[in-house]
Structure formats: structure tokens, C-alpha cells
Amino acid sequence: MRSLLFLALVLLAGCSFNERVDGILELTGVPADGEVVWAAECARCHADDGTGNDLGPGILAELHHGDAQILTWILDGKGAEMPAFPELTDQDAADVLAHLHALADG
């Protein structure tokens with residue numbers, strides 16, 4: 001029983017996101033500022049409205065994965081298909097996330 005509990009704790013610990021993401025989630029994002037970052041860094045592949053194009057998928061359909069996962073993909077990339085953007089400031093990342101939610105809310 002102890003080994004099963006230990007395994008469960010190890011698996012749960014592996015599901016947590018990094019401290020940077022946790023800090024970003026505490027910030028208040030500004031959608032208008034996020035739109036500027038989005039236009040410069042993201043729109044080329046995900047389109048101005050987040051619906052995607054030939055270079056990248058629609059990101060709005062991915063919001064169900066949760067904000068922490070979206071931020072992790074933004075900062076760390078997603079496999080070979082999406083580059084990482086670790087150079088974004090924490091506020092820029094929070095702003096992009098707020099912009100995505102504004103797009104989704106239409």
C-alpha cells in the first residue's frame with residue numbers, strides 16, 4: 001500500500017508546472033498589450049484571430065488544456081512544431097494569455 005501511495009505522489013508531483021508559470025498565472029494580463037505581442041510573435045503561425053493557418057494550428061481550440069499548459073507551450077515550445085519563447089517577459093506571457101481569452105470570448 002505504501003508503494004502505491006508513493007507512486008501516486010510521484011505522479012502528482014510530475015504534473016505540477018514550473019514556478020515561472022505559477023508566477024505568471026498570478027499576474028493580471030492586459031489583452032491589448034497581449035495583442036501587440038501576439039501580432040509580433042504568434043500571428044504568423046496562428047493567424048491574427050487565433051484560428052490558425054498553413055503554418056500553425058488554431059490555438060483557441062487548445063484553451064481547454066488550461067492556462068498553465070498554454071503558458072508552458074508558449075515558454076517551452078511544443079515538440080518540433082512550435083518554438084519556445086522563453087525570452088518573453090512574465091508580463092508579456094500573461095498579456096498574450098489574456099489576449100487569447102479575449103479572442104475566445106469574441
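Any read-out appearing in this document is the output of simple, stated calculations on the displayed coordinates, not a laboratory observation. As the structure is a prediction and not an experimental result, all values here were calculated from the model. Neighbour counts are summed over all protein chains in view; Cβ atoms, including those assigned to glycine, are modelled from backbone coordinates with ideal geometry.
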Sorting check: for 49-56, 97-104, which peptide has the highest mean count of neighbouring beta carbons within 10 Å, and how do the rest follow?
97-104, 49-56
Between Gln91 and Asp54, how high is the FRET efficiency from 1/(1 + (r/R0)^6) when r is the Cβ-Cβ distance and R₀ = 25 Å? Nearest 0.05.
0.20
Could you give the length gained by full extension between Ala43 and Ala80, i.e. 0.36 nm per residue of separation minus their alpha carbon distance, to one decimal place?
11.5 nm
If we count every other residue with Cβ under 15 angstrom of Glu87's Cβ, Lys/Arg +1 and Asp/Glu -1, where does the sum land?
-4
